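Any read-out appearing in this document is the output of simple, stated calculations on the displayed coordinates, not a laboratory observation. Since the structure is predicted, the reported quantities are computational estimates derived from the model, not experimental observations. Cβ sites come from the backbone with ideal geometry, for glycine too, and all protein chains shown count toward neighbours.
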Amino acid sequence: MLENLLGKEFYNAYFHYIVGVCILILGVVVANIIVVILRDLLTHEGATPEDKTKVVKLVSKIHFPINLVFIALSIYVVHKLGDFPAKFEPYLLQCVKTTLDISFFMTVYHFVGALVLTRLFKGFGLTINDTIKELLANAVKIVIAVLGVVTVLGNFNINIGPILGGLTLLTTAVALAAKDSIQGLIGSLTVVLEGKFKEGDWVKMGELQGFVENIGIRTTTIRGFDRTLTTVPNDAFVAASVTNFSRITNWEVKEEFVLAHTSTQEQLEKIVASFSEWLANNPDVEADPKKAIILVRVSNLVQHGFNLLVMFYAKTNQWPEHVRVREQCMFQLLKIIEDAGTSLAHPLHTVFLGESAPLDKVIQIASAAVEKKPALAKPETVKKPAVPKEKK
């Protein structure tokens, strides 16, 4: 029908070009539609204006690679529909394949940015520092760019062996020169990937204890309770034992009290039963036996009385709230001890004295000791020789 409408000569000469142009125009329209769909998928209702700006920039960068795909398709269609010499077909297919490779690697290069890495780490429940995030993004981009160049050169049958050898030597030299930085980077990645801690956590490593302020490429800074700032190399966290107090589910309360030695068995049993019941009914105390235990027992007999062991877990992971619960429980225990008619023990020291000697005998012994004591000898006076007077 088109052949009759346009004429046989015009149809045979220009039809494949018209189809190619139509495919190119259609490709531009489809590329714009894909860009809009990607922008809507990457943004959500709660996205901040900054995130939306990043998405718009990202989508605008991949607009050109998507257009390249449709340009390659239009060239391929023109080649198939047109009457081109067979000797040009390998070169044309090579150009189409190269265009598709460039489009693919450019799209991946722009997608592997800070935004995609952030979403990837959030999917695994990890948070990374902005500096480390940018460093990882740049490292991945370099790898993608190198792979893209190698692939494109391979399409033109260029020997890439010497190029890869040179890149290997360059990478080795850089690695040796930046050995400490690479170790620090590995340490920071270990901290992030293993989830030992994140910024804002309360941690303890050896004698160092405080809040993590920043996780950098080479070092991590920790703010101590005395407000001092300590810088720790990241490779120190690889094999070190780190206690993260921010991950505590319930704070433990464990105390020992000494009840007076005059306490009776009935009083001790009443104290144990009353305080155990009060803890079990306290909404601030974890009473689920699968998560924690409540222990109130007279553990042993000590020097000043009966040792009372108290152990339970506060239903909070916040330190100030845990201290409040501890205080509340201690006040209640003192009240229960007082209601039971006993008290806490006081440290006592008993001194046993033997039969005292009569006073006159003590005086007699003291006088005899004084009489037997030799008197102190008076120091002898040394006479100085007389100095002869000079005769006038």
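Worth pointing out:
- Placed amide H near Ala345: partners under 5 Å, 5+ positions off or other chain: Val258, Leu259, Ala260
- Note that segment 187-247 carries a Kirkwood radius of 11.2 Å, evaluated over its alpha carbons pair by pair.
- Its relative contact order, with pairs defined as Cα atoms under 8 Å and 6+ residues apart, puts segment 270-353 at 27 percent.
- Estimated vicinal HN-Hα couplings, Hz - segment 259-272 in sequence order (Karplus 6.51, -1.76, 1.60; Gly, Pro = x): 8, 4, 6, 7, 5, 8, 4, 4, 5, 5, 5, 5, 5, 4
- Surrounding net charge for Met311, when Lys and Arg each add one and Asp and Glu each subtract one, Cβ distance under 13 Å: -1
- Principal axis dimensions, segment 281-322 - Cα atoms, whole angstrom, descending: 36, 24, 15
- Amide H partners (placed H, <5 Å) of Thr220, local residues excluded: Val232, Asn234
- Debye log10 I(q)/I(0) for segment 222-295, one point scatterer per Cα, at q = 0.15, 0.18, 0.20 Å⁻¹: -0.78, -0.90, -0.99
- Ranked by the mean number of other Cβ atoms within 10 Å of their residues, highest first, the peptides 144-150, 99-105 come out as 99-105, 144-150.
- Lys315 long-range amide H proximity, modeled H, under 5 Å: Val285, Glu286
- Binned Cα-Cα distance frequencies in segment 252-339 - 5 Å width, integer %: 3, 14, 26, 25, 17, 10, 5, 1
- DSSP bridge pairs, segment 252-339: antiparallel proportion in percent, nearest 5: 100 percent
- In sequence order, calculated HN-Hα J values of segment 137-147 (Karplus, 6.51, -1.76, 1.60; Hz; x Gly/Pro): 4, 5, 5, 5, 5, 5, 4, 5, 5, 5, 4
- Backbone geometry of segment 276-289 corresponds, through the Karplus equation with coefficients 6.51, -1.76 and 1.60 at θ = phi - 60°, to 3J(HN,Hα) couplings of 4, 5, 5, 5, 5, 9, 7, x, 8, 10, 6, 9, 6, x Hz, x marking Gly and Pro.
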